[in-house]
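To keep things clear, I will list the structure first and then write my remarks on it.
Just so it is clear, none of the values below were taken in a lab; they were calculated from the coordinates. All figures in this text were calculated on a predicted structure; none of them were measured in a lab. Every residue, glycine among them, receives a Cβ derived from its backbone with ideal geometry; neighbour counts consider all protein chains shown.
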Number of protein chains: 2
Amino acid sequence: MSGNGEETLGTIDRAATISEVAALAGVSPGTASKALNGRGALRPETRRRVQEAAEQLGFVANAAARSLQAGRTYTVGMITTDSIGRFSIPLLIGAEDALGAGQVSVFLCDARDDPIREQYYLRTLLGRQVDGIIVTGRRTQARPPIGRSLPVPVVYAFISSTDPADCSVVPDEADGARRAIEHLLAIGRRRIAHVTGPEHHHSATVRASAAMQAISSAGLEPAAPVLFGEWSEAWGRQAAGILLSTEAEVDAVFCGSDQIARGLAEALQESGRPVPNDIALVGFDNWDVMVDGCRPALTSIDMDLEGIGRTAAELLLAAINGDPAHGRRALPGRLIPRASTAVHPA
Amino acid sequence: MSGNGEETLGTIDRAATISEVAALAGVSPGTASKALNGRGALRPETRRRVQEAAEQLGFVANAAARSLQAGRTYTVGMITTDSIGRFSIPLLIGAEDALGAGQVSVFLCDARDDPIREQYYLRTLLGRQVDGIIVTGRRTQARPPIGRSLPVPVVYAFISSTDPADCSVVPDEADGARRAIEHLLAIGRRRIAHVTGPEHHHSATVRASAAMQAISSAGLEPAAPVLFGEWSEAWGRQAAGILLSTEAEVDAVFCGSDQIARGLAEALQESGRPVPNDIALVGFDNWDVMVDGCRPALTSIDMDLEGIGRTAAELLLAAINGDPAHGRRALPGRLIPRASTAVHPA
DNA sequence: AGCGTCAGGGCAATCGTTTTCCTTCTGTTT
DNA sequence: AAACAGAAGGAAAACGATTGCCCTGACGCT
């Protein structure tokens, strides 16, 4: 719009090659390469001339040519084994964060929980000579390795591999559950119940047993046996009914997910049991739309998914650079206190 | 596990080259290439021999080498201008769907609403010689083109470009709003109100004016002036109070988002105005967690984001193949009826 | 003056695939 | 039997960037 033809990146019609840059600067392609990459012994003036020529032509090195000769693509693949969803996004963002800083790009593949697609994508990624692969997916339990003795390093994020030699980064769910219980104890609650997802779901059982243990460690009994169900608001509402129909005298509920907690909160309030005064509530996931939409706003455990993505990416970079890590790393979560466990509710 | 060393993709330690395949098959690299790509005139037996050799070595063609010579990378970039979120995911899935079938991979870049990052990613993508770029982002209003006369085609998805020569694929929000109103009219409602997001938000005003127009076309008046606020449950609850405090006699509310509708639903029920008997409710977005979590389940407008992503990808592929499209394409949405507008509620 | 040294920069190989010519050989036709 | 057509496959260039090696001057030293 300003009238000249040199706005940022505006006038590139086709990619310029380094030979064209070299010609414009009056040097050979090899010299131009050295000038732009800061190698070789060149007069400062030559270097500058080449840089100016590159600027003028909007030169960006052809990544294919570069990786062909370098044997590295500065690219990693990310395979989400189940569909890209609420959990994958923060992981992706975290990973992108760690990788983007190092000029590494991410190929995202959605395997949709289909092993065929997964193998297909794996081949594709290997064909594209990615430098490494991050495997992620909703966590039910450890998954079999995506392949054996692959030519590139692999890091599992959020989900973990059954092979202990593989590198996995996962949330410390037991730790999260403990934090929830400890928080409830700290605000003076003593009759704590736990409502969570399906019993066959790994996360549900891990969180449940850690919660029960934390209660025992405090010298208490759970106010009710663990209620396993689904990861839904509907189940939360249903569970509220169950808890209230018993003589359990519950004064706090730790829920296996924010959705469950939200359903519970609604049902409790409707039954005239105010939250948090009568019953305090802690959720799990710290899912913004749930914790904010819930009334009162929901105290929850944040698994730091971005941190997991970032850590996985960092470990992958280290592995690419020849320093592979092994085993499972469990990252601690945080408890985010909100009104549902407020001591002096507004 | 089966004892031999040939499980799927299990034993690749380093990528085999086509020369190795050729050597194993006893032919030249050129011939091997022809055999694997189905060109040239080769004896069927030779072709088979090469294919077997490739299989045996787990050969996957080096994409860098291939694109270097082909001048195409079979890769497209996807830049989300605001953070990857609820809207970007279905778009991404739709795009991946259309592209994956054609063996094209997607580079995902999250520009986080930062123009600097955006330009940086653009450069990166161009350096990687992507064949095309899809630009997406939360929709407020048309955005300036990401660059001018770029060396590769660009398609805007969900968001649109201010340059009419650019190709944009967007939801037809006015159409969606009309469908909502027509549905409410069809179930016999006559006093319809509209509650939506901020007035400065393009989507809010487009939906609002289309809704008002649809009401007028039916020879009716809106039951209340449009209530502009935020895209939140809290605003929905607040708006319910406003509507009930007037003498408006509302019998249906069309909401600009599912979140608003859910807040409204809660507040209405608490005030003893059952949904849908007293007041019917239609949301917008068809966001699973909202429409299912809402009680009663929420009728909503689905913008078919996956379809938008898929269409954008198809148009991009066409443009890459030399057949560029121009202008704005608005895709119709669908109304998904649920209990909140049921004629005979359960 | 002659030799050595080093800065500066050009040359050419290299990465792995594809593709365009060629060459060779077989079989057919006149 | 000679000539030709076609099939089958090999040789080599090309894609674009990088890099090790070599060449050419200029300068300094004896």
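Would you work out the Kirkwood radius for the range A:184-242? I mean one over the mean of 1/r across all pairs of different Cα atoms, in Å.
Numbers: mean 1/r = 0.0833 Å⁻¹.
Hydrodynamic radius (Kirkwood, Cα pairs) of the range A:184-242 is 12.0 Å.
Its Cα gyration tensor gives the protein assembly as shown an equivalent ellipsoid, and the semi-axes of that ellipsoid, as √(5λ) in whole Å with the largest first, are 49, 34, 23.
Positive contributions from Lys and Arg (+1) and negative ones from Asp and Glu (-1), summed over other residues with Cβ under 12 Å from the Cβ of residue B:104, come out at -2.
Mean per-residue shielding of peptide B:55-67 is 5, counting Cβ atoms of other chains within 10 Å of each Cβ. Label point of residue A:164 (7 Å along Cα→beta-carbon): distances to the other copies' equivalent points are 6.9 nm, sorted ascending.
Rounded to the nearest 10 degrees, the inclination of helix A:233-245 to the longest alpha-carbon principal axis of chain A is 20 degrees.
Counting Cβ atoms of other protein chains within 10 Å of each Cβ in B:102-109 and taking the mean gives 5.
Sorting the segments B:294-305, B:54-65 by their mean number of nearby beta carbons within 10 angstrom, highest to lowest, gives B:294-305, B:54-65.
Hey, what's the per residue convex hull volume over the C-alpha atoms of chain A, in cubic angstrom? Present the calculation step by step, with values, prior to reporting the outcome.
Details: hull volume 68.3 nm³, N = 346.
Spelled out: Cα convex hull of chain A, divided by residues, is 197 Å³.
For residue A:143, the amide hydrogen comes within under 5 Å of the amide hydrogens of A:160, A:161, A:162, counting only partners 5 or more places away or on other chains and with H modelled in the peptide plane. Taken one residue at a time, the phi angles of the range A:313-320 give Karplus couplings (6.51, -1.76, 1.60, θ = phi - 60°) of 5, 5, 5, 5, 4, 4, 4, 4 Hz. Gly and Pro are set to x.
Tally Lys/Arg at +1 and Asp/Glu at -1 over every other residue whose Cβ is under 14 Å from the Cβ of residue B:270; what's the total?
Taking every other residue near residue B:270 into account, the sum is 0.
Since only A:259, B:316, A:297 are under comparison, the one whose Cα sits farthest along the positive direction of the charge dipole of the protein assembly as shown, derived from C-beta charges on Lys, Arg, Asp and Glu, is B:316. A crude spin-label estimate for the pair residue B:165 and residue A:249, with each label 7 Å from Cα along the Cβ direction, gives 7.9 nm. The value of relative contact order for the range A:57-111, using C-alpha pairs under 8 Å at least six residues apart, is 45 percent. Per residue, the convex hull spanned by the Cα atoms of the range A:85-224 measures out at 136 cubic angstrom.
Eigenvalues of the alpha-carbon gyration tensor of the range A:67-117, scaled by 5 and square-rooted, set the equivalent ellipsoid semi-axes at 23, 16, 5 angstrom, largest first.
Computed from backbone phi with θ = phi - 60° and the Karplus coefficients 6.51, -1.76 and 1.60, the 3J(HN,Hα) list for the range A:116-126 is 5, 4, 4, 5, 4, 5, 4, 4, 4, 5, 5 Hz; x is used for glycine and proline.
Over the range A:18-61, what number does the Rg to Rh ratio reach, with both radii from the alpha-carbon atoms and Rh per Kirkwood?
Ratio value, two decimals: 0.90.
With Rh defined as the Kirkwood radius, the inverse of the mean 1/r over Cα pairs, the Rg/Rh of the range A:238-346 is 1.18. What's the average, rounded to a whole number, of partner chain beta-carbon atoms within 10 Å of each residue's beta-carbon in B:79-92? Per residue, the average neighbour count from other chains is 2.
Over all distinct Cα-Cα pairs of the range B:227-280, the Kirkwood formula returns a hydrodynamic radius of 10.7 Å.
Divide by every residue of the protein assembly as shown the summed helix terms, -39500 (n - 2.57) for each DSSP H run of at least 4, and state the resulting mean residue ellipticity at 222 nm, rounded to the nearest 500 deg cm²/dmol.
-13000 deg cm²/dmol, from helical runs alone.
Relative to one another, the C-alpha centroids of the range B:106-164 and the range A:284-320 are positioned 28 Å apart. A label point on residue B:30, set 7 Å along the Cα-to-Cβ line, lies at 2.8 nm from each of its counterparts in the other copies, closest listed first. Placing +1 on each Lys and Arg Cβ and -1 on each Asp and Glu Cβ, with no other charges, gives the range B:128-273 a dipole about its Cα centre of roughly 220 debye. Mean projected area of the Cα convex hull of the range B:127-202, taken over all directions, amounts to 7.0 nm².
The longest stretch of chain B left intact once loop-based trypsin sites (Lys or Arg not before Pro) with at most 11 other Cβ atoms within 10 Å are removed from consideration, loops following DSSP, is B:40-346. Rg/Rh for the range B:273-314 stands at 1.18; both radii use Cα atoms, and Rh follows the Kirkwood definition. Among the GluC sites (Glu not before Pro) within the range A:211-279, those in coil by DSSP and having at most 12 neighbouring Cβ atoms inside 10 Å are A:247, A:249.
Nearest 10 degrees, 0 to 90: what angle lies between the long axis of helix B:202-217 and the longest principal axis of chain B (Cα atoms)? Around 50 degrees separate the two axes.
What the Cα atoms of the range B:173-303 give is an Rg and a Dmax of 12.7, 35 Å. Taking one quarter of the surface of the C-alpha convex hull of the range B:1-140 gives a mean projected area of 11.7 nm². Angle of helix B:173-186 to the longest C-alpha principal axis of chain B, folded into 0 to 90 degrees and rounded to 10: 50°.
Close amide H contacts of residue A:331 (hydrogens built in the peptide plane, cut-off under 5 Å, sequence separation of 5 or more or a different chain): A:170, A:172. Label-point spacing at residue A:52 relative to the other copies reads 6.4 nm, in ascending order, each point sitting 7 Å out from Cα along Cα→Cβ.
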